[in-house]
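> Please read through the structure below; I'll follow up with questions.
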Amino acid sequence: QVQLVESGGGLVQAGGGLRLSCAASGHTFSSYAMGWFRQAPGKEREFVAAISWSGGSTYYAVSVRGRFTISRDNAKNTVTLQMNSLKPEDTAVYYCAAQMGIRYYTRIAYEYWGQGTQVTVSS
């Protein structure tokens with residue numbers, strides 16, 4: 001069982017940056033691949049970024065590649081999403097998620113989810 005708690009959301013102007021963190025409970029955090037998803041009002045939850053259990057491989061949605069960076073610290077049971085050059089279309093609730101597999105882009109493959117944190121980018 002893994003419990004996930006996101007933090008770091010807020011309101012930022014376009015072009016600015018935010019750093020989201022996800023704190024995980026449990027002793028097996030390093031066994032899980034971690035992902036970030038987001039959901040804007042009236043839209044489906046979509047993949048943003050993911051990182052393998054070791055941190056050696058990262059994956060990004062085309063829309064955020066080059067602007068967002070995912071990282072993890074297995075000693076601290078945390079995963080971070082650094083978001084730069086934010087755009088109004090990045091506005092959404094951002095969710096942290098965990099899975100034991102390698103289907104990084106697939107929402108239903110993730111077994112555990114956080115409660116989400118709101119990111120609002122003003123133009």
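> Per residue of region 21-31, in order, report the coupling 6.51 cos²θ - 1.76 cosθ + 1.60 (Karplus, θ = phi - 60°) as ³J(HN,Hα) in whole Hz, putting x for Gly and Pro.
For region 21-31, the Karplus-derived couplings read 10, 10, 9, 10, 9, x, 8, 10, 3, 5, 8 Hz, x marking Gly and Pro.
> With +1 on the Cβ of every Lys and Arg and -1 on the Cβ of every Asp and Glu, and nothing else charged, how large is the dipole of the chain about its Cα centre, in debye rounded to the nearest 20?
Here the size comes out at about 160 debye.
Every number in this text was worked out from the coordinates using simple rules, so none of it is lab data. Remember, it's a predicted structure, so these values are computed and weren't measured experimentally. Positions of Cβ are backbone-derived with ideal geometry, glycine not excepted, and every protein chain shown enters the neighbour counts.
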